[in-house]
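Everything below concerns the one structure shown next.
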Ligand SMILES: Cc1ncc(C[n+]2csc(CCOP(=O)(O)OP(=O)(O)O)c2C)c(N)n1
Ligand SMILES: Cc1ncc(C[n+]2csc(CCOP(=O)(O)OP(=O)(O)O)c2C)c(N)n1
Ligand SMILES: [Mg+2]
Ligand SMILES: [Mg+2]
């Protein structure tokens, strides 16, 4: 058990996979000698060479297309796209081919591809700050995971690199510099299992990726005022671990969904619906980005994203809402 | 007031706009002499010539990029993409530029562009059958409309071609051959206004585009068994007319959301959340596509999409659910 | 390879033409993309391929699938959505696939298979057994950026990839001249240092000769190559699309029929007797009848099984 | 055009360099893409443009914005997120824009502005006043399919579009040679029949001469053109990116400084006296000081106003 940086945890999982699986390769912009934008591939090029750790041109569509084709034909590629914004250039091979290959070929073709996307805002402006997890998790055939901490970054990447179909691995600009404990022995974190990051009894906050730390910070603020929040880290968005979320909400009776992306047709909407479909009405509220582009302007960026204070306020007003009785029938 | 085909209503709105506005142009694959895949541009090439009705190469990214740039620089382009599946190739200019231009330039640049997309399944298989409205309506800066009938096809297209920002106009393969009455005098259907397609008292079915006719057919089946459904045609997905939906649901106390696209993070989830945020708990259920690719196989396609029978059954089971009382607090 | 000799090529082209006629004659034919007129491109190309090579193509995939040696009955079954198809009837039109037969297969997104094929080539390169990937696409695909991104990476990485443009001069109703600026589409390869040539796609011998030369180049580590074949489409874009060409133009196109052309040549050369020809026609008729019967006998898929097989 | 003469060009290059130094010296500089070393490309190009032309560029936009004549104070204000910026401080780094000044502006998506620029060219063509659109992009953008799709349509439609590749030999850490197969990037234009050439991007006179020739070609209805300028980036990719190049390589690059090069040439030609040079430096210092003061005096934006201005 050592303390490592998030980027090191990602790197270790990829390195161990390339060591163990000769068909595993990495492709992306500046993933080679440079070691990746966040040093998350540092040392891999030196260890595995240019045939297995490949710098690509700035051509996201072809990068993912090559990854899909290579995976379908027997390799296990990890394709890295440094900004999730640019997966918009690569959705055709991912959605129209990879997600459908197994179904449309009657199981003849599998696409064991990992597409690593870095989401979130950190001062880089309208085209370098977006979070599209809700889109990707809605695509049948895609699995989507999004670690919030070092241990999950490692364990989920290990699982992603062993999956038999396409996996979207979402990390976050603000997570790479964070650090945490990591078990020295190789291990996986299975898909479809959320984690209780903080036990609590008054309200449930459901989040993933960087927003988990925001939720925990908010829970800290609230506990000072006697409000005890449970924080659920989804970890896996597709498949989604509804059982863990429902167990928490049936205990607390209040659900706040938290995401860095847009609220409209977002993750929170899906979770709120599924939880209530299973548990019946509970107090629910959703928090996400303001419905506007995310500027690199520090004032505007800060104002457009959820922070601990806003999360705490959202929980307070959620707990203020008492009336969840049905309206009069017409 | 004459009876015209859906495709003629679209064509008339575009023709009238090109007549009135010398800056208006049409771009797309086979929109010229061929008149569009569904004859929805028939006669425009002959009337306005190759400079204003432009056949393009198969290059969706550049088609939309050119439309965005032309709109930003003073033209009013309509870019047609025959299959919504292929907007996946053009999301970068649409989402990363058009939707953000006004905000990021401080209002210096507006993008009065209409992107016409044909959604839905009609026997053409996994990459020619998808519906991505939920993705597009979640993008701040995009307006999304989706007519279900001839009158709205005309009126919403007129409005789209007069908007001051980017509009996604969604039509449907199964709607082009339909016909209906259309007022002879030019008129618009404003954005953000849903319509009550069928008044009813027992349950509210909310749908858009082709699914409205499926909802109406289901309402017909149900009325035979004494269940009286109100059918709301959203018409506009962004902005969304929550007031009309809530007025109906507060009357019926039961909401079925119906969409042809995927349920996960879908339109139904958004509507269900917003309605309950405003009205408190109501009986809700969501119906959409099966979570699988849509095959061209007639049996599989039919099985993967909502039809009148499934909608009717969903309404019946929705009305069977009585318990919407909150769960015990922990 | 059955098509490696002229009689075999003739037989395969005849089979493709006849199978399509049988297909469109069916009430349940539905939306289909036919190869009629373009058989020589698929057959001439396939003649240059080895068993472990992989062929990828556009949605216009019937002749390519048969040329690659897929069973006509299985192909027919897939096209009408029966479980005896290689994709269990789920892929159907535009998505025929049988990798075990070296036919990675069709993808109905125009230019969508180009980067996929480069990925397949990357996997084959890693395997190192000299197999190559071949991507067959239409002229319309040459307007897409995928051509550029794929050629650039394939050239940089010296991928064993042959790009074959089946240029039938139209993208649906749009003439190639109105959609593509290059004088020849094979010119697109030049900036990347990719070996390229253009041949008459209605002459199966010319296609085969060029394909053999370029596959050798690719197979022996020369990096990617680009082959343009000028062909003619005899039917409208799809079974559900209006015909946009003048009847005079169509008549002139049909006069170039690659099947008649080879048959006549062989007759002239004394390589094909009237009896052999009649026997061939008879064999093809029999094969198609058997294929239809086989497909007919196969059931439609069970939705729940299909929907369980995703991702 | 202020930069149409050598002294003006020198002054503008010095201004860009000095403004960037002042910017990076600030605590609130944040993530920025600097033009340092590449000033001659922007300035030489801008010298060939007319007031109604529109310049679009990549995120590396500071020298292009100043070369196009934007007010240094407004530029500085935008870069540090103040409302006195032309985008009210919302666009900021990578998204500078002022269409009224002929600077349609920056877009931080690599190759993202290419098809947008073609659309602007289409609008200018329709206006018919002889204005042209110019898109400045990096070598990295040449790996993207957008280059292909844009050149093809621009050539077909004879759009008044000049594509200018500022080839600084790197995409972040990736050498151009590892990312792009063509011998010269201007070779990419050939298949489309697009007039193209490659010049030394560290020589502002060479850039200007080529830009004048190609803008004339485009302006007079000759259709699109492509100009490649070989340049050097003096700083790391961005203010937040690690430097990946060897110090020896960097030193050699910096020895090619386009500002010193022009200054020395003018000295040698007796066209720039020591006093004039000193006066120029003094003017630039003053302009930059004024720009910083102006930006400093401007407030940060009010979120609710900004968020109301969407779509
Ligand atoms: C990306 C994309 N855009 C549009 C379409 C619709 N479409 C199907 S086939 C076709 C024409 C393609 O022409 P070409 O590549 O020459 O192939 P051909 O049909 O002539 O064999 C088009 C536009 C598509 N399938 N994919
Ligand atoms: C589509 C896209 N992919 C990746 C990036 C991240 N990125 C920003 S600048 C850059 C390098 C671009 O290199 P080049 O085009 O040569 O411009 P330069 O930075 O050298 O001026 C990259 C990869 C991006 N902005 N857009
Ligand atoms: Mg064609
Ligand atoms: Mg560069």
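The values are calculated or read from the model by the stated rules, or taken from the named source; none is laboratory data. The structure displayed is predicted, hence computed values, not measured ones. Here the Cβ positions follow ideal geometry from the backbone for every residue, glycine too, while neighbour counts run over all protein chains shown.
Looking only at the range A:282-330, residues that are part of a loop (DSSP other than H, G, I, E, B) and modelled with pLDDT under 95 come to 10 in all.
From A:26, A:31, which residue is within 16 Å of ligand 2 (Cβ to nearest atom) and either surrounded by 21 or more Cβ atoms within 10 Å (Cβ to Cβ) or within 11 Å of chain D (Cβ to nearest Cβ) (or both)?
Numbers: A:26 fails: within 16 Å of ligand 2 (Cβ to nearest atom).
Checking each option against the conditions leaves just A:31.
Here is the figure for the range D:60-85: residues that are more than 19 Å from residue D:161 (Cβ to Cβ), in a helix (DSSP H, G or I) and in contact with a strand residue (DSSP E or B) (Cβ under 7 Å, 6 or more places away or on another chain) total 1. Listed conditions (1) in contact with a helix residue (DSSP H, G or I) (Cβ under 9 Å, 6 or more places away or on another chain); (2) more than 14 Å from chain D (Cβ to nearest Cβ); (3) surrounded by fewer than 23 Cβ atoms within 10 Å (Cβ to Cβ) are all met by residue B:7, apart from (3). Please tell me if residue B:54 is assigned to a loop (DSSP other than H, G, I, E, B), facing chain D (nearest Cβ under 10 Å) and over 18 Å from the mean Cα position of the chain (by Cα). So residue B:54 does not fit the description; no. Of the residues in the range D:38-59, at least one is over 30 Å from residue D:260 (Cβ atoms) and in contact with a strand residue (DSSP E or B) (Cβ under 7 Å, 6 or more places away or on another chain). Taken as a whole, the structure places residue A:70 among residues that are part of a helix (DSSP H, G or I), farther than 21 Å from residue A:130 by Cα and within 8 Å of another protein chain (Cβ to nearest Cβ). With the structure loaded, tell me whether residue D:215 is more than 14 Å from chain A (Cβ to nearest Cβ) and surrounded by fewer than 16 Cβ atoms within 10 Å (Cβ to Cβ) or whether it fails that test. Here the answer is no, as residue D:215 does not meet what is asked. The condition of being within 14 Å of chain D (Cβ to nearest Cβ) and crowded, with 24+ Cβ neighbours inside 10 Å holds for only one of C:141, C:178, that being C:141. The strands (runs of 3 or more DSSP E) found wholly in the range B:173-232 include none carrying at least 3 residues that are more than 19 Å from the chain's Cα centre (by Cα) and in contact (Cβ under 8 Å) with a residue 12 or more places away in the chain. With respect to residue C:91, determine if the residue is away from chain D (no Cβ under 14 Å) and either more than 30 Å from residue D:156 (Cβ to Cβ) or under 16 Å from the mean Cα position of the chain (by Cα) (or both). Judged against the criteria, residue C:91 is a match. The requirement of being within 13 Å of chain D (Cβ to nearest Cβ), without any contact (Cβ under 8 Å) to a residue 24 or more places away in the chain and in contact with a helix residue (DSSP H, G or I) (Cβ under 6 Å, 6 or more places away or on another chain) is satisfied by residue B:59.
Kindly evaluate residue D:165 against the criterion of being within 16 Å of ligand 4 (Cβ to nearest atom), more than 10 Å from every other protein chain (Cβ to nearest Cβ), at pLDDT 95 or above and buried (at least 24 other Cβ atoms within 10 Å of the Cβ). For residue D:165, the condition - within 16 Å of ligand 4 (Cβ to nearest atom), more than 10 Å from every other protein chain (Cβ to nearest Cβ), at pLDDT 95 or above and buried (at least 24 other Cβ atoms within 10 Å of the Cβ) - is met. Selection over the range B:233-263 of residues that are surrounded by fewer than 24 Cβ atoms within 10 Å (Cβ to Cβ) and in a loop (DSSP other than H, G, I, E, B) gives a count of 5. Give the residue that is farthest from the other protein chains (Cβ to nearest Cβ), with candidates limited to residues of the range D:181-199 that are surrounded by fewer than 18 Cβ atoms within 10 Å (Cβ to Cβ) and away from ligand 2 (no atom under 16 Å from the Cβ). Filtering the range D:181-199 for residues that are surrounded by fewer than 18 Cβ atoms within 10 Å (Cβ to Cβ) and away from ligand 2 (no atom under 16 Å from the Cβ), the one farthest from the other protein chains (Cβ to nearest Cβ) comes out as D:197. Residue B:102 falls short on exactly one of the conditions (1) outside any loop (DSSP other than H, G, I, E, B); (2) crowded, with 24+ Cβ neighbours inside 10 Å, and that condition is (2). Scoring residue D:78 on the criteria (1) touching a residue at least 24 places away in the same chain (Cβ under 8 Å); (2) touching a helix residue (DSSP H, G or I) at 6+ places or on another chain (Cβ under 9 Å) leaves a single failure, condition (1).
Residue-wise test of (1) within 9 Å of chain A (Cβ to nearest Cβ); (2) surrounded by fewer than 24 Cβ atoms within 10 Å (Cβ to Cβ).
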position: C:58; (1), (2): no, no
position: C:67; (1), (2): no, no
position: C:71; (1), (2): no, yes
position: C:83; (1), (2): yes, yes
position: C:96; (1), (2): no, no
position: C:118; (1), (2): yes, no
position: C:127; (1), (2): yes, yes
position: C:135; (1), (2): no, no
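Does residue C:11 satisfy the condition of being surrounded by fewer than 24 Cβ atoms within 10 Å (Cβ to Cβ) and part of a helix (DSSP H, G or I)? Steps first, please.
Details: surrounded by fewer than 24 Cβ atoms within 10 Å (Cβ to Cβ): yes; part of a helix (DSSP H, G or I): yes.
Yes: the conditions hold for residue C:11.
Quickly run through the range A:73-99 and pick out the residues that are away from ligand 2 (no atom under 16 Å from the Cβ), over 20 Å from the mean Cα position of the chain (by Cα) and either facing another protein chain (nearest Cβ under 7 Å) or assigned to a helix (DSSP H, G or I) (or both). Scanning the range A:73-99 gives A:73, A:74, A:75, A:96, A:97.
Restricting to the range B:105-134, count the residues that are assigned to a loop (DSSP other than H, G, I, E, B) and under 22 Å from residue B:10 (Cα atoms). Explain how you work it out, then say what you get.
The initial filter retains those residues of the range B:105-134 that are assigned to a loop (DSSP other than H, G, I, E, B), namely B:105-113, B:120-132.
When the remaining residues are screened for being under 22 Å from residue B:10 (Cα atoms), the result is B:111-113, B:120-122, B:128-132.
Summing the residues that are assigned to a loop (DSSP other than H, G, I, E, B) and under 22 Å from residue B:10 (Cα atoms) in the range B:105-134 gives 11.
Scanning the range B:129-161 for residues that are more than 14 Å from chain D (Cβ to nearest Cβ) and free of Cβ contacts under 8 Å to residues at least 60 places away in the same chain, we see that the one that is farthest from ligand 2 (Cβ to nearest atom) is B:159.
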